[in-house]
Amino acid sequence: MNPMGPLKRMSRPRSVTDRTYDRIKEAIVTNAFAPGQVLAAEPLARELGVSRTPVRDALLMLRNEGFVEGEAVRGKGMVVADLRLADLDELFELRFAIEAGALALVAKRGNPATLQRLRADLERHREPSDDAAASAASLADLAFHRGIVRATGNAHFLRSWDQLATQLQRYWDAGRAIPGRAREDIEESLAIVDALIDGDVGTATERLAAHLANTQVGITAWHRRPRDAAGT
């Protein structure tokens, strides 16, 4: 027994390295740092207002997660990892496994109020009128998928989905530029939740598989487009 009593552990303030890691990672996953861009410790340290040591440590952490490649040595920098379509295949396989499992759990445990709320959130974005509305619709669709996973009540499911979402965000940000895809995302997700509300988890799972396949095909086509077609 603890002689000091049931003390709660004090939360540790985030270190300079942790905060540096967060800033660089955010720039990578939002494509502010483009694939192939060199990330040298010294200019990053100046921009962030820190020493080179936390930058080098943060880059090593990001390399372990696959976001950058190379060596953080003097005079050289690491490089933002390319967006590999082979990785996209594996990430979407994992995404389907997580979300299909979530559909089964939600159907088993039942939570009609949550499903109706998720459906209403999608319905509000059903007819995006401009680019800003389309971007909001894409984000609403992602929120729906996370909401389904969260509705399982299983924190490990949700943590796995969130970790996967970080890996996929770089692809999603580019995919949001696909004309008309946001509208299709909403319609396909509405079909998924409608089947789930009806208690038909088999149909919901089939529609999920088709939805994710359509999303992946669109993202793949976007990344394979001729660069001059996008003005880049």
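What is the chain's relative contact order, in percent, from Cα pairs under 8 angstrom and six or more apart in sequence?
19 percent
Using the number of other C-beta atoms within 10 angstrom as an exposure proxy, rank Asp130, Asp185, Asp18 with the fewest first.
By the 10 Å Cβ count, ascending, the order reads Asp130, Asp18, Asp185.
Please express the Cα-Cα pair-distance distribution P(r) of the chain as a list of whole percents, one per 5 Å bin, running from 0 to the bin with the greatest distance.
With 5 Å bins starting at 0, P(r) equals 1, 6, 12, 14, 15, 13, 12, 11, 8, 5, 2, 1, 0, 0.
When Ile197, Ile98, Ile148, Ile186 are ordered from fewest to most other Cβ atoms inside 10 Å of their Cβ, what list results?
Numbers: Ile197 15, Ile98 18, Ile148 26, Ile186 23.
Ascending number of Cβ neighbours within 10 Å: Ile197, Ile98, Ile186, Ile148.
At q = 0.19, 0.22, 0.24, 0.29 Å⁻¹, what is the log10 ratio I(q)/I(0) for region 16-80, with the Debye formula run over Cα points and no solvent?
-0.59, -0.81, -0.99, -1.51
Values in this text are rule-based calculations from the coordinates and carry no lab data. Here the structure is a predicted model, which means the values were calculated and not measured. Reconstructed Cβ throughout: ideal geometry from the backbone, glycine too, with neighbour counts over all protein chains shown.
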